[in-house]
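Engineer: Following this message is one structure expressed as structure tokens.
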Amino acid sequence: MKEHGEPVFPCEIKKTKQREEIFKILSEETMPISAVDIYHRLMQTNEKANYAISTVYRALGAFEEKGYVTKSTLITGDMAYYEWNYGAHRHYAICLQCHKLIPLKQCPFEHAKIETGSDNFTITGHKLELYGYCKECK
Ligand SMILES: [Zn+2]
Ligand SMILES: [Zn+2]
């Protein structure tokens, strides 16, 4: 498992300047971020940049395909969020009002042995999303 905090650009991904910049944004970001936000971030840091949003999606797809980026679609909308995969997964509570994401301190399934009631299914992972209202929106 990689140490959190110092990810390196994966050598199996073809390096381009744009991908490097997207990698930098993702590795510095501690919360899931949408492709649109990444796009705006790119435009902010590099005024002369001439990116197309499709380039961002393609780069994210390349990272995701190799498992470096986790993509999730939240219950509150159809926008996908991306985060750098540090090996340990995280769950979020999502505010239905302001769409704020609050990371859970731990995985509720971490120590649980889940039974499917069937021996022809092997669990290799899971997804969990909690939703409700944050302190400000309650
Ligand atoms: Zn809220
Ligand atoms: Zn979990």
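Engineer: Condition first: more than 9 Å from ligand 1 (Cβ to nearest atom) and in a loop (DSSP other than H, G, I, E, B). Now tell me which residues in the stretch 118-138 satisfy that.
Structural biologist: Ser118, Asp119, Asn120, Phe121, Thr122, Ile123, Thr124, Gly125, His126, Lys127, Leu128
Engineer: Residues Glu115, Glu136, Glu29, Glu65: which one is touching a Phe, Trp or Tyr at 6+ places or on another chain (Cβ under 8 Å) and more than 16 Å from ligand 2 (Cβ to nearest atom)?
Structural biologist: Just one listed residue meets the conditions, Glu29.
Engineer: Separate question: Name the one entry in Gly77, Gly132 that is at pLDDT below 90 and not charged (D, E, K, R).
Structural biologist: Values: Gly132 fails: at pLDDT below 90.
So the residue among Gly77, Gly132 that is at pLDDT below 90 and not charged (D, E, K, R) is Gly77.
Engineer: Of all residues being acidic (Asp, Glu) and closer than 27 Å to Leu96 by Cβ in the stretch 108-138, which is surrounded by the fewest Cβ atoms within 10 Å (Cβ to Cβ)? Just the residue, please.
Structural biologist: The residue in question is Glu110.
Engineer: Would you say Ile53 is modelled with pLDDT of 90 or more, closer than 26 Å to Cys11 by Cβ and surrounded by 13 or more Cβ atoms within 10 Å (Cβ to Cβ)? Please lay out each step first, then the result.
Structural biologist: Numbers: modelled with pLDDT of 90 or more: yes; closer than 26 Å to Cys11 by Cβ: no; surrounded by 13 or more Cβ atoms within 10 Å (Cβ to Cβ): yes.
Taking the combined requirement at face value, the residue does not satisfy it.
Engineer: In the stretch 91-104, which residue that is in a loop (DSSP other than H, G, I, E, B) and within 12 Å of ligand 2 (Cβ to nearest atom) is surrounded by the most Cβ atoms within 10 Å (Cβ to Cβ)?
Structural biologist: Filtering first and then ranking leaves His91.
Engineer: Hey, does the stretch 100-109 have a residue that's within 16 Å of ligand 1 (Cβ to nearest atom), of a type outside the set (A, V, I, L, M) and over 18 Å from the mean Cα position of the chain (by Cα)?
Structural biologist: no
The values are calculated or read from the model by the stated rules, or taken from the named source; none is laboratory data. Fair warning: this is a prediction, and the values are worked out from it, not measured in the lab. Methodologically, a virtual Cβ is constructed for each residue, glycine included, from the backbone with ideal geometry; neighbour enumeration extends over all protein chains shown.
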